[in-house]
Amino acid sequence: MILHEIETAPQSIMEKIQLDRLKQTVKHVHQNVPFYQRIFKKHLITPNDISTLQDLQNLPFTTKQDLRDNYPYGLFAVNRKRIVRLHASSGTSGKPTVVAYTKADIDMWSDLVARAISIGGGKPGEILHNAYGYGLFTGGLGLHYGSERLGMITVPVSGGNTFRQVQLIDDFKPTVICGTPSYVLTIIEKMEELGIIPSTTSLKYGIFGAEPWSEKMRRILENKLNIKACDIYGLSEVLGPGVAQECHEAQDGLHIAEDHFLVEVIDPKTKRNLPEGEDGELVFTSLTKEALPIIRYRTGDIASIWKEKCVCGRTTMKMSRIKGRVDDMIIIRGVNVFPSEIEHQILTIEELAPHYQLLLSKEKNLDSLEIMVEMKEKEVNGAGELLIEKMRVALANQLEQVIKDNCFIAVRAKVVLPGSIPRSEGKAVRIIDKRVPV
Ligand code: DLL
């Protein structure tokens with residue numbers, strides 16, 4: 001269901017809206033945020049220098065470090081009295097980043113998430129089971145407000161307490177489930193443990209994101225639950241969920257909410273803009289945010305963008321699924337690999353389960369990768385210890401070979417027993433990085 005006519009608007013109309021909003025945003029940050037005043041001055045930029053969308057490329061980038069340096073409130077562009085909500089990302093090192101919303105920001109965010117849920121198959125009057133974590137993470141409340149805005153009956157389960165999740169799905173009969181793909185896997189596993197056949201539930205659509213997942217993982221989730229699973233993307237610094245959403249009709253690229261965000265793809269090394277279709281780092285500029293507008297934010301996420309009229313009727317710019325993060329890229333003897341490509345290869349082997357961890361270390365200054373992955377439960381059921389050991393070795397060899405053939409890197413694989421890898425209740429910890437930062 002298309003909620004807003006802008007989703008199908010011709011490019012000329014979209015560009016006009018974008019330019020008006022870009023000018024507004026640049027003026028807004030220039031007037032109200034000392035940080036932007038400083039960096040614009042350094043780059044000899046004033047708001048009057050924005051007369052076309054291409055002029056965006058002359059503006060300086062912002063990064064997570066800028067948010068950290070101005071922690072907690074330094075980048076806010078409105079009086080604190082107008083702020084009604086804060087969220088924060090935990091961050092792996094140093095200070096978290098804090099993001100803020102005015103009432104109008106929450107309204108806009110709710111509209112965009114309603115749009116996203118609708119793009120992913122949700123309909124007013126139906127029931128949405130929201131298993132994203134509530135709290136400082138933007139997933140839970142973001143999906144919650146959007147679901148209510150769409151007019152869906154919203155079940156605010158949050159993450160965790162997996163037994164209860166299963167019970168509520170069984171009792172309330174939702175048609176849409178939202179959560180990280182790894183946590184939804186945990187829910188599926190619990191259903192199986194409790195003797196519920198996951199494909200027989202009332203669920204029809206899944207809106208999964210907040211962490212990288214592969215096409216193979218999509219098929220596993222879809223087949224297990226007998227649903228259509230679509231990708232939702234976003235990040236706190238830019239808004240939260242709702243920046244882009246894959247449609248259930250095409251399942252081929254995520255529609256970017258271009259009326260609220262300008263997207264660019266840059267080469268992370270040279271920082272030059274890349275043409276459509278090429279993989280690079282996503283950079284977003286917000287066009288309508290009041291409390292925390294953001295200019296050319298370097299996300300660290302790798303994807304490509306392209307324009308096409310989609311089978312769903314939408315004309316907005318699309319982005320590919322996230323292939324990885326700039327800082328997660330594994331370089332083994334000059335070959336670049338992202339963890340999601342490894343996931344894809346693991347899941348081509350029938351006997352292996354979608355529960356894995358990647359251990360990255362440095363050996364003689366080179367990246368080295370060990371993969372720990374579980375065997376499926378049904379492979380070990382009834383098998384003796386000796387046979388299991390033999391299977392583990394054979395599967396590890398097979399995985400090493402598959403990765404060598406398809407990703408062109410040498411890795412060490414270790415196949416472990418079902419249940420050995422910690423289960424996710426939110427964003428899965430897939431990578432254990434023991435490389436010392438240089
Ligand atoms: O993860 C927002 C979100 C909530 C998105 C719920 C989708 C659903 P942060 O916690 O700030 O915000 O983390 C943002 O998560 O830069 C990506 O690296 C990653 N990420 C988000 N969505 C996807 C996705 C939320 N669909 C960071 N695929 C981003 C891959 C994703 N990675």
>> Is it the case, given these coordinates, that Thr92 is in contact with a Gly (Cβ under 7 Å, 6 or more places away or on another chain) and either at pLDDT below 95 or not hydroxyl-bearing (Ser, Thr, Tyr) (or both)?
In response: no
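From the list Pro212, Pro268, Pro241, pick out the single residue that is modelled with pLDDT under 95, within 15 Å of the ligand (Cβ to nearest atom) and over 22 Å from Gln11 (Cβ atoms). Write out each step before concluding.
Working: Pro268 fails: modelled with pLDDT under 95; Pro241 fails: modelled with pLDDT under 95.
Of the residues listed, the single one that is modelled with pLDDT under 95, within 15 Å of the ligand (Cβ to nearest atom) and over 22 Å from Gln11 (Cβ atoms) is Pro212.
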> So how many residues does segment 112-149 have that are touching a residue at least 40 places away in the same chain (Cβ under 8 Å) and more than 18 Å from Leu203 (Cα to Cα)?
Replying inline: 12
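Determine which member of the set Val29, Val78, Val84 is modelled with pLDDT of 95 or more, assigned to a loop (DSSP other than H, G, I, E, B) and β-branched (Val, Ile, Thr).
Details: Val29 fails: assigned to a loop (DSSP other than H, G, I, E, B); Val84 fails: assigned to a loop (DSSP other than H, G, I, E, B).
Answer to the check: Val78.
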> Is it the case that some residue within segment 73-86 is within 15 Å of the ligand (Cβ to nearest atom), in contact with a Gly (Cβ under 6 Å, 6 or more places away or on another chain) and assigned by TED's automatic domain parsing to the domain that holds Thr285?
Replying inline: no
>> Regarding segment 204-215, can at least one residue be identified that is under 26 Å from Gly313 (Cα atoms), in contact (Cβ under 8 Å) with a residue 24 or more places away in the chain and over 16 Å from the mean Cα position of the chain (by Cα)?
In response: yes
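Take Gly135 and tell me if it is more than 30 Å from Gln31 (Cα to Cα) and touching a helix residue (DSSP H, G or I) at 6+ places or on another chain (Cβ under 6 Å).
On the way: more than 30 Å from Gln31 (Cα to Cα): yes; touching a helix residue (DSSP H, G or I) at 6+ places or on another chain (Cβ under 6 Å): no.
For Gly135, the condition - more than 30 Å from Gln31 (Cα to Cα) and touching a helix residue (DSSP H, G or I) at 6+ places or on another chain (Cβ under 6 Å) - is not met.
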>> What's the total number of residues in segment 117-144 that are touching a Phe, Trp or Tyr at 6+ places or on another chain (Cβ under 8 Å) and surrounded by fewer than 21 Cβ atoms within 10 Å (Cβ to Cβ)?
In response: 1
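For segment 125-137, check the following and say yes or no: at least one residue is assigned to a helix (DSSP H, G or I) and either within 24 Å of Pro339 (Cβ to Cβ) or at pLDDT 95 or above (or both). First the steps, then the outcome.
Within segment 125-137, the first condition is being assigned to a helix (DSSP H, G or I), and the residues that meet it are none.
No, segment 125-137 contains no residue that is assigned to a helix (DSSP H, G or I) and either within 24 Å of Pro339 (Cβ to Cβ) or at pLDDT 95 or above (or both).
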>> Can you report the number of residues in segment 219-231 which are surrounded by fewer than 21 Cβ atoms within 10 Å (Cβ to Cβ) and either within 11 Å of the ligand (Cβ to nearest atom) or not assigned by TED's automatic domain parsing to the domain that holds Ile106 (or both)?
In response: 0
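Would it be correct to say that Glu350 is more than 15 Å from the ligand (Cβ to nearest atom), surrounded by fewer than 18 Cβ atoms within 10 Å (Cβ to Cβ) and not β-branched (Val, Ile, Thr)? Before the answer, list the steps.
Numbers: more than 15 Å from the ligand (Cβ to nearest atom): yes; surrounded by fewer than 18 Cβ atoms within 10 Å (Cβ to Cβ): yes; not β-branched (Val, Ile, Thr): yes.
Criteria met by Glu350.
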> If you go through segment 326-347, how many residues are within 16 Å of the ligand (Cβ to nearest atom) and free of Cβ contacts under 8 Å to residues at least 60 places away in the same chain?
Replying inline: 3
>> Need the failing condition index for Gly234 against (1) more than 11 Å from the ligand (Cβ to nearest atom); (2) within 21 Å of Val429 (Cβ to Cβ), just the number.
In response: (1)
> Residue check: is Leu225 touching a residue at least 60 places away in the same chain (Cβ under 8 Å) and hydrophobic (A, V, I, L, M, F, W, C)?
Replying inline: no
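Quick test for you: out of Leu185, Leu143, pick the one residue that is within 13 Å of the ligand (Cβ to nearest atom) and either part of a helix (DSSP H, G or I) or in contact with a strand residue (DSSP E or B) (Cβ under 9 Å, 6 or more places away or on another chain) (or both). So that I can check it myself, show each step before the final result.
Values: Leu185 fails: within 13 Å of the ligand (Cβ to nearest atom).
Going through Leu185, Leu143 in turn, just one is within 13 Å of the ligand (Cβ to nearest atom) and either part of a helix (DSSP H, G or I) or in contact with a strand residue (DSSP E or B) (Cβ under 9 Å, 6 or more places away or on another chain) (or both): Leu143.
Considering each residue of segment 245-262, count those that are touching an Asp or Glu at 6+ places or on another chain (Cβ under 8 Å) and more than 8 Å from the ligand (Cβ to nearest atom), and give that number.
Pass one, segment 245-262, residues touching an Asp or Glu at 6+ places or on another chain (Cβ under 8 Å): 245-246, 252-255.
Now drop any that are not more than 8 Å from the ligand (Cβ to nearest atom), which leaves 245-246, 252-253, 255.
The qualifying residues number 5.
Among the residues of segment 366-379, is there at least one that is loosely packed, with under 13 Cβ neighbours inside 10 Å, in contact (Cβ under 8 Å) with a residue 12 or more places away in the chain and either touching an Asp or Glu at 6+ places or on another chain (Cβ under 7 Å) or within 18 Å of Ile331 (Cα to Cα) (or both)? Walk me through how you get there before you give the answer.
We begin by selecting, within segment 366-379, every residue loosely packed, with under 13 Cβ neighbours inside 10 Å; these are 366, 378.
Checking the rest, the ones that are also in contact (Cβ under 8 Å) with a residue 12 or more places away in the chain come to 366.
Checking which are either touching an Asp or Glu at 6+ places or on another chain (Cβ under 7 Å) or within 18 Å of Ile331 (Cα to Cα) (or both) leaves us with 366.
Checked segment 366-379: at least one residue is loosely packed, with under 13 Cβ neighbours inside 10 Å, in contact (Cβ under 8 Å) with a residue 12 or more places away in the chain and either touching an Asp or Glu at 6+ places or on another chain (Cβ under 7 Å) or within 18 Å of Ile331 (Cα to Cα) (or both).
The values are calculated or read from the model by the stated rules, or taken from the named source; none is laboratory data. In this text, all values refer to a predicted model and were calculated from it rather than measured experimentally. As a convention, Cβ positions derive from the backbone with ideal geometry for all residues, glycine included, and neighbour counts pool all protein chains shown.
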